[in-house]
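S.K.: For reference, the structure I am asking about is given below.
The values are calculated or read from the model by the stated rules, or taken from the named source; none is laboratory data. These numbers come from a predicted model, not from an experiment. A quick note on method: Cβ atoms are made from the backbone with ideal geometry, for glycine too, and the neighbour counts reach across all protein chains shown.
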Amino acid sequence: MAVGRKRETSKKSTSKPRIPEQPGANRDLARLEDIPNIGPAIAADLRLLGLRSPAELVGCDPFAMYDNLCRITGQRHDPCLLDTFIAAVRFMAGEPNKPWWKYTAERKRELATRNKKSQ
């Protein structure tokens, strides 16, 4: 090694991939955990639903996803998980990145509408 030069070491990058800003560019993500709002636990839930890559979320119904997860696991999950599913599906469809809680009011309205129709 030359005098005065630092020895280069390879370090793994721990940063997440850059979140695409343009609509439609969201489909280039490789891992479920690369989607905004999706960490290891929710990625595991998506895998239970048979989803293996972010692109598979395009065209999914987040309400059906939530219902299926509750059925598969035999328990009712926190409804905020549904908000997260909505955020992920919308993001993969090309909508801007939004925090999951921005979908709470929409979820409540939609569930109220569905409950009225089923009565």
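S.K.: Can you name every residue in the stretch 77-119 that is more than 16 Å from the chain's Cα centre (by Cα), exposed (fewer than 12 other Cβ atoms within 10 Å of the Cβ) and of a type outside the set (A, V, I, L, M, F, W, C)?
M.R.: If the condition is that a residue be more than 16 Å from the chain's Cα centre (by Cα), exposed (fewer than 12 other Cβ atoms within 10 Å of the Cβ) and of a type outside the set (A, V, I, L, M, F, W, C), then Arg109, Thr113, Arg114, Asn115, Lys116, Lys117, Ser118, Gln119 are the ones that fit.
S.K.: Here's a follow-up. Answer yes or no: is there a residue in the stretch 35-54 that is modelled with pLDDT of 95 or more, at positive phi and either surrounded by 14 or more Cβ atoms within 10 Å (Cβ to Cβ) or touching a Leu at 6+ places or on another chain (Cβ under 9 Å) (or both).
M.R.: Taking every residue of the stretch 35-54 in turn, at least one turns out to be modelled with pLDDT of 95 or more, at positive phi and either surrounded by 14 or more Cβ atoms within 10 Å (Cβ to Cβ) or touching a Leu at 6+ places or on another chain (Cβ under 9 Å) (or both).
S.K.: So which residues in the stretch 98-119 are in a loop (DSSP other than H, G, I, E, B) and at pLDDT 95 or above, if there are any at all?
M.R.: Lys98, Pro99, listed by residue number.
S.K.: State all residues of the stretch 61-82 that are assigned to a helix (DSSP H, G or I) and either touching a strand residue (DSSP E or B) at 6+ places or on another chain (Cβ under 9 Å) or of a type in the set (D, E, K, R) (or both); if no residue qualifies, say none.
M.R.: Selection gives Asp67, Arg71.
S.K.: Just one of (1) of a type in the set (A, V, I, L, M, F, W, C); (2) outside any loop (DSSP other than H, G, I, E, B); (3) more than 21 Å from Arg114 (Cβ to Cβ) trips up Ile86, so point out which.
M.R.: It is condition (3) that Ile86 fails.
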